[in-house]
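Trainee: Below is the structure I would like to discuss, written out as structure tokens.
Readers should treat all values here as calculations from the given coordinates under stated rules, not as data from a laboratory. Quantities reported herein were computed from a predicted structural model and do not represent experimental measurements. Note: ideal-geometry Cβ built from the backbone for every residue, glycine included; neighbour counts use all protein chains shown.
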Amino acid sequence: MYGLFLRALQSYVCVTFGAEPLARAMAAAGAPPEGFEPLLRYERQTLRNVLHQVSTQLGRPEEGILEDLGTFIITDAGYSATRRLLRFGGANFAEFLYSLEELPDRVRLALPDEDVPILHLTDLGEGQYQLVCETGCAELGVVLLGMLRAMADDYGALVTIEAEPGMEGAMILSIRLLDPRFAEGRRFELSTTG
């Protein structure tokens, strides 16, 4: 999974801040100058090293970068397949949340060799949910936070999401759905052809 996130981080920095800060961060982290291959296996420490150097180069906190990366993965045109995969989860944000537990299995269909985080959703009633992301890597949990906030916007839902670290690298996300139709969501069609 780290290869996918390292490649996304590389794209995010290049698109948002330019090639120069990315090149400096990659060199300082000892990363390959040609970048990361999304389907190759990398260690968590590689992600941590690159993230630290990106944070240093940009003068921004690591958690902010990770959350913005999650937003980027949903909103950037280069990652439209990810958005489509997630939007197949439901017609509204609540249905989407319920589909998240099935997401790791859907990802494994396309990427059978990847270690995919396990997701557990608990409906606490009255529009409140708890999502536990068992990753063994808190960084990926923060990326998920950004993705969920971007998906709420995509659906036009008014949502608050708070994150706190759990045990063994898990991330616990407390989600409150305040208004499922707060704004007009982004257009989505099942078919990509006219």
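Trainee: For region 66-194, what's the relative contact order in percent, using C-alpha pairs closer than 8 Å and at least 6 residues apart? Present the calculation step by step, with values, prior to reporting the outcome.
Mentor: Working: 215 pairs, mean separation 33.2, N = 129.
Contact order relative to length: 26 percent.
Trainee: Which FRET efficiency, nearest 0.05, do His52 and Leu178 yield, Cβ-Cβ r, R0 35 Å? Can you show the working numbers first?
Mentor: Details: r = 35 Å, r/R0 = 1.01.
Efficiency for this residue pair is about 0.50.
Trainee: Is there a quick way to get the dipole size of the chain? I mean about its Cα centre, with the Cβ of Lys and Arg at +1 and of Asp and Glu at -1; what is the value in debye to the nearest 20? Please list the in-between numbers first.
Mentor: Numbers: 16 positive and 28 negative charges, 99 e Å.
Charge dipole of the chain: 480 debye, to the nearest 20.
Trainee: So what's the projected area for the chain, the Cα convex hull averaged over all directions, in nm²?
Mentor: Its Cα hull, projected and averaged over all orientations, spans 11.3 nm².
Trainee: A follow-up question, please. Contact order normalised by length for region 1-116, with contacts defined as Cα pairs under 8 Å and 6 or more residues apart; what percent is it?
Mentor: Values: 96 pairs, mean separation 26.3, N = 116.
Relative contact order, region 1-116: 23 percent.
Trainee: Can you give the helix-only mean residue ellipticity at 222 nm for the chain, where every DSSP H stretch with n ≥ 4 adds -39500 (n - 2.57) and the sum goes over all residues, rounded to the nearest 500 deg cm²/dmol?
Mentor: Values: 8 runs with 97 residues, N = 194.
Rounded to the nearest 500, the figure is -15500 deg cm²/dmol.
Trainee: So, with +1 on the Cβ of K and R and -1 on the Cβ of D and E, and no other charges, what is the size of the charge dipole of region 2-60 about its Cα centre, to the nearest 20 debye? Please list the in-between numbers first.
Mentor: Working: 6 positive and 4 negative charges, 41 e Å.
I would put it at about 200 debye.
Trainee: Mind checking which of Gly35, Leu148, Gly59 is farthest towards the positive end of region 27-165's charge dipole, using Cβ charges of +1 (Lys, Arg) and -1 (Asp, Glu) about the Cα centre?
Mentor: Gly35
Trainee: Hey, can you grab everything whose amide H is under 5 Å from the amide H of Gly156? Only 5+ residues off in sequence or another chain; H modelled, so Pro and N-termini drop out.
Mentor: Here the answer is Arg186, since their amide H atoms fall under 5 Å of that of Gly156.
Trainee: Can I ask one more? Starting from the coordinates of the alpha-carbon atoms of region 2-60, obtain the Kirkwood hydrodynamic radius over all distinct pairs and give the value in Å to one decimal.
Mentor: Numbers: mean 1/r = 0.0906 Å⁻¹.
It is 11.0 Å.
Trainee: What does the highest-first list of 153-163, 173-183 look like by mean Cβ count within 10 Å? It would help to have the intermediate numbers written out before the result.
Mentor: Numbers: 153-163: 18.0, 173-183: 15.7.
Listed from highest to lowest mean packing, they are 153-163, 173-183.
Trainee: Give me a comma-separated list of calculated 3J(HN,Hα) values for region 156-170, in order, Karplus coefficients 6.51, -1.76, 1.60 applied at θ = phi - 60°, integers in Hz, x for any Gly or Pro.
Mentor: Taking θ as phi minus 60°, the curve returns x, 8, 8, 9, 10, 9, 10, 10, 8, x, x, 7, 6, x, 6 Hz for region 156-170.
Trainee: Related question: Counting DSSP beta bridges in region 78-194, what percent are antiparallel, to the nearest 5?
Mentor: On the way: 21 of 21 bridges.
Bridges in region 78-194 are about 100 percent antiparallel.
Trainee: Given N residues in region 88-179, what is its alpha carbon radius of gyration divided by 2.2 N^0.38 Å? Spell out each step's value before the answer.
Mentor: Details: Rg = 12.8 Å, N = 92, 2.2 N^0.38 = 12.3 Å.
Normalised Rg, Cα atoms only: 1.04.
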